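S.K.: So that we are looking at the same thing, I have put the structure below in structure tokens.
The values are calculated or read from the model by the stated rules, or taken from the named source; none is laboratory data. Being a predicted model, the structure only gives us computed values, none of them experimental. Methodologically, a virtual Cβ is constructed for each residue, glycine included, from the backbone with ideal geometry; neighbour enumeration extends over all protein chains shown.
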Amino acid sequence: MKDLVQSIDLGASQRKAVTVTRPRVWIKNEFVRVGLAESLCTYVMMTFGLGSVAQVVTGQGAYGQYVSINLGFGLAVAMGVHVGGKVSGAHMNAAVSFTMCVFGRLAWKMLPLYVFAQFLGSFLAAGTIYAVYYEAIYSYCGGNLTVTGVKATAGIFATYPAPYLSLMGGFIDQVFGTAMLLLCLMALSDQKNKPAAAGNEPVAVGLLVLLIGISLGSNSGYAINPTRDIGPRVFTALAGWGVDVFRSGNGWWWVPLVAPPIGGVIGAGLYKALVELHHPLFSDQDRQALESGEETAPLEKQEAI
């Protein structure tokens, strides 16, 4: 017993002597840390998402259907949030970053960093999937890289409108889809309503993207994300598909760039105007405490929750 006590005391003394130091490669600059995290989480999200599309297209239905693409992107978003959520917030979407700036949740000076990081992650993910599925793509299309037609493969990487969809209809589609995304994201993060349970935020966001895909995805592939679309589109233009990636769909390429930020602000604004601004200052628990004479947290702390 005495030996055991001495052993415990020795262990305690050794633990007290331990000094915590950061690794020599630790990056102090916040911009660099945030940029790296946002690039990596976007890369992870896009690699899994585009990979799910490549598998369905080149497999000609043998390795999945449309729903597997929805599942792929939903799970990919969840993994992306796990990768960068505590560092950059894992926006992975320029429309989300822009909306956060509009509502004061992200400094405007950070917006260019987020957009560049997301573009870079998406571009590199497109290159990765092209390399991984290179032989499958060429076997599928016979080496003829086309944007439209029966054996078109550009849609593996960027979004294109259905043949029946007009530019105006597509613009509305992208505004509405992104509005629903940001409206629900605001709700999931609203601590005074019914937010996602702590630790389950990635799953909740992934399920939201899955829901949008299976309900609003058929018109144009639910880009709802400028950087998700333009990064792979630029890659395909350079990799062999050419300028047709910008001409197809009556010049569709600008719609996923312009419409999502507008939709994001509309959706987040609707939630804020109709729900968030009308929360009571005190919860039922706080009100009961006040009525019983118990102390409560200061008002400014209440609002910061």
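S.K.: Among the helices (runs of 4 or more DSSP H) contained in the stretch 190-305, which hold 3 or more residues that are at pLDDT 95 or above and of a type in the set (A, V, I, L, M)?
M.R.: 201-216, 255-274
S.K.: Can you go through 227, 178, 153 and tell me which one is more than 13 Å from the chain's Cα centre (by Cα), among the hydroxyl-bearing types (Ser, Thr, Tyr) and crowded, with 18+ Cβ neighbours inside 10 Å?
M.R.: Step by step, each of 227, 178, 153 is checked, and only 153 is more than 13 Å from the chain's Cα centre (by Cα), among the hydroxyl-bearing types (Ser, Thr, Tyr) and crowded, with 18+ Cβ neighbours inside 10 Å.
S.K.: Further question: Could you run through the stretch 47-67 and say how many residues are in a helix (DSSP H, G or I) and either touching a helix residue (DSSP H, G or I) at 6+ places or on another chain (Cβ under 6 Å) or of a type in the set (Val, Ile, Thr) (or both)?
M.R.: 12
S.K.: Looking at this structure, is residue 146 outside any helix (DSSP H, G or I), buried (at least 19 other Cβ atoms within 10 Å of the Cβ) and touching a residue at least 40 places away in the same chain (Cβ under 8 Å)?
M.R.: No.
S.K.: Collect the residues in the stretch 153-189 that are among the small types (Gly, Ala, Ser), more than 29 Å from residue 85 (Cα to Cα) and assigned to a helix (DSSP H, G or I), keeping them in residue-number order.
M.R.: Passing the criteria: 154, 169, 170.
S.K.: Determine if the stretch 121-141 includes at least one residue that is under 19 Å from residue 30 (Cβ atoms) and not acidic (Asp, Glu).
M.R.: Yes - at least one qualifying residue is present in the stretch 121-141.
S.K.: If I ask for residues that are farther than 17 Å from residue 264 by Cβ and touching a residue at least 60 places away in the same chain (Cβ under 8 Å), which ones from the stretch 82-100 would you list?
M.R.: 82, 85
S.K.: Suppose the filter is assigned to a helix (DSSP H, G or I), under 25 Å from the mean Cα position of the chain (by Cα) and at pLDDT below 95; does residue 31 pass it?
M.R.: For residue 31, the condition - assigned to a helix (DSSP H, G or I), under 25 Å from the mean Cα position of the chain (by Cα) and at pLDDT below 95 - is met.
S.K.: Looking at the stretch 132-143 only, could you name the residues that are among the small types (Gly, Ala, Ser) and part of a loop (DSSP other than H, G, I, E, B)?
M.R.: 142, 143 - these are the residues of the stretch 132-143 that are among the small types (Gly, Ala, Ser) and part of a loop (DSSP other than H, G, I, E, B).
S.K.: Follow-up question, since we're still on this one. Hey, could you check the stretch 47-65 for residues that are of a type in the set (Ser, Thr, Tyr) and in contact (Cβ under 8 Å) with a residue 24 or more places away in the chain and say which is surrounded by the fewest Cβ atoms within 10 Å (Cβ to Cβ)?
M.R.: If we take residues in the stretch 47-65 being of a type in the set (Ser, Thr, Tyr) and in contact (Cβ under 8 Å) with a residue 24 or more places away in the chain, then 58 is surrounded by the fewest Cβ atoms within 10 Å (Cβ to Cβ).
S.K.: Kindly evaluate residue 88 against the criterion of being in a loop (DSSP other than H, G, I, E, B), modelled with pLDDT of 95 or more and of a type in the set (Ser, Thr, Tyr).
M.R.: Yes, satisfied.
S.K.: Quick check, is residue 243 aliphatic (A, V, I, L, M) and surrounded by fewer than 24 Cβ atoms within 10 Å (Cβ to Cβ)?
M.R.: yes
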